[in-house]
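Here is the structure we will look at, set down as structure tokens.
The values are calculated or read from the model by the stated rules, or taken from the named source; none is laboratory data. Predicted model, so just to flag it, every value in this text is computed and none were measured. Cβ coordinates were reconstructed from backbone atoms using ideal geometry, including for glycine residues, and neighbour counts include every protein chain displayed.
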Ligand code: GLC
């Protein structure tokens, strides 16, 4: 399992109210205890923090808030010492407007770095060069008085987009990747990889007729000319080749990509060549309705679309989306973890989801997220609040007032309280990871959905080397008795969402609690 850490919010080692690298290092024993395989850190680079690190001012440094390069080296040594991997976030689509590259680029039209960014003349009436909108809302162009041109920013105006058609930009970014790979980093999660190349002709995007208030502001337009352009794959291949030069299969490339499944799959590589992302993030569980039928269809569609030999992956949460426990409710959050950790492929868990952490409402006046500031109501602060470690003040996250408020329920929902509680969500997640590791059918087995025969229920079989595991989930509150003889005559419960289920089970009369889930070894 990959565990995503939002460094500002994980553990503050020095009383700054903001998490840091030494804090992550302190908590590695917890991650080992939980059964994590790899840690992905959201950006740690120097940054003015207009988008909390996704606005990078230096690709080969560390923000003093988070620590130093020595702290990275220590963290690397400690993760590797425990047999864990460390994955960094890289943000190649845009820099901060305070990055020296952009400072040079905007200084004059004939600066050698001018073409490192996307500068265009105004329309004849002085308006922006085209109709493109930013993902956080508002225009994607900012007029620069001094040089009389507009620059493009698909996100905040403090995040100018790099021009990936310029070979010098590509070389500079690959150098930055090598800087970290040389230090021993095990791979990268690449931010908005599918947006990196824009239309060479800068054509207008069509309006999105399906957009409704409440949808993300970035979806007002069909992003026809800014996303998933054919030329992007060449760049992804170049990044992959850089990683592969450190040994085939040694370093991992993960792509952040929000696209329909058939288009997502092209980021594994074209024509059966698996030479792009190892793991193009599969966000379908985040994007689609939460019900048994849709989830079944999603599993079937995803498995059918996967290129031959490609390794699947599943995601339930990240720093941009409502937390799963808030979206589906506390009871279903257990079902969701059981699903995530028994599907075929690498699961990614967002920090705190293993506790059942919920979104924390943050009033607009206290918002920190640029998306909330530009588009009220769309903020991502609620899912970025401090990790809940114990019942002490500030949930044990910090000795100072944290940068975002701690959840009101932290005295009950925290690591210390859940660690020894057999009923806790954390215990369930840990057991699931333990079983997964010990059971080849769950780690490498095939997956086949079954007809569970009742509404709201989902069943699938995982199989490897003669071993079979049946997973049964109830997406509703009504209990059912299921006939699942198609999976075998009897079985033994490996993990259950409730504690009352142990030992042998008759698959002809399988009783499934409301909001319940079972992982059963069948015979
Ligand atoms: C990605 C990040 C998000 C950020 C955006 C711009 O979607 O996950 O947090 O705001 O890119 O870098």
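Here are the numbers for this structure:
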item: Test: residue in segment 224-246 that is more than 30 Å from residue 298 (Cα to Cα) and within 21 Å of the chain's Cα centre (by Cα); result: yes
item: Filter result for residue 198 (free of Cβ contacts under 8 Å to residues at least 40 places away in the same chain and surrounded by 13 or more Cβ atoms within 10 Å (Cβ to Cβ)); result: no
item: Selection status of residue 81, more than 15 Å from the ligand (Cβ to nearest atom) and surrounded by fewer than 21 Cβ atoms within 10 Å (Cβ to Cβ); result: yes
item: Enumeration of residues in segment 114-123 that are touching a helix residue (DSSP H, G or I) at 6+ places or on another chain (Cβ under 9 Å) and either surrounded by fewer than 20 Cβ atoms within 10 Å (Cβ to Cβ) or in contact (Cβ under 8 Å) with a residue 40 or more places away in the chain (or both); result: 114, 115, 116, 117
item: Test: residue in segment 343-353 that is part of a helix (DSSP H, G or I) and either under 28 Å from residue 86 (Cα atoms) or more than 16 Å from the ligand (Cβ to nearest atom) (or both); result: yes
item: Scope segment 206-223; condition in contact (Cβ under 8 Å) with a residue 40 or more places away in the chain and under 20 Å from the mean Cα position of the chain (by Cα); matching residues; result: 216, 217, 218
item: Residue identified as more than 16 Å from the ligand (Cβ to nearest atom) and touching a helix residue (DSSP H, G or I) at 6+ places or on another chain (Cβ under 6 Å) among 388, 419; result: 388
item: Within segment 209-228, considering residues that are surrounded by 19 or more Cβ atoms within 10 Å (Cβ to Cβ) and assigned to a loop (DSSP other than H, G, I, E, B), the one farthest from the ligand (Cβ to nearest atom); result: 225
item: Qualifying residue in segment 281-294 (condition: crowded, with 19+ Cβ neighbours inside 10 Å, more than 21 Å from the chain's Cα centre (by Cα), at pLDDT 95 or above and in a helix (DSSP H, G or I)); result: yes
item: Candidates 303, 238 - the one that is in a helix (DSSP H, G or I), surrounded by fewer than 21 Cβ atoms within 10 Å (Cβ to Cβ) and in contact with a strand residue (DSSP E or B) (Cβ under 7 Å, 6 or more places away or on another chain); result: 303
item: Residues satisfying the stated conditions in segment 370-393, i.e. surrounded by fewer than 19 Cβ atoms within 10 Å (Cβ to Cβ) and in a helix (DSSP H, G or I); result: 373, 374, 393
item: Test result for residue 178, touching a residue at least 24 places away in the same chain (Cβ under 8 Å) and more than 23 Å from residue 53 (Cα to Cα); result: no
item: Single condition residue 91 does not satisfy, out of (1) within 16 Å of the ligand (Cβ to nearest atom); (2) at pLDDT 95 or above; (3) over 21 Å from the mean Cα position of the chain (by Cα); result: (3)
item: Segment 490-518 - residue that is part of a loop (DSSP other than H, G, I, E, B) and touching a strand residue (DSSP E or B) at 6+ places or on another chain (Cβ under 8 Å) and, of those, surrounded by the fewest Cβ atoms within 10 Å (Cβ to Cβ); result: 503
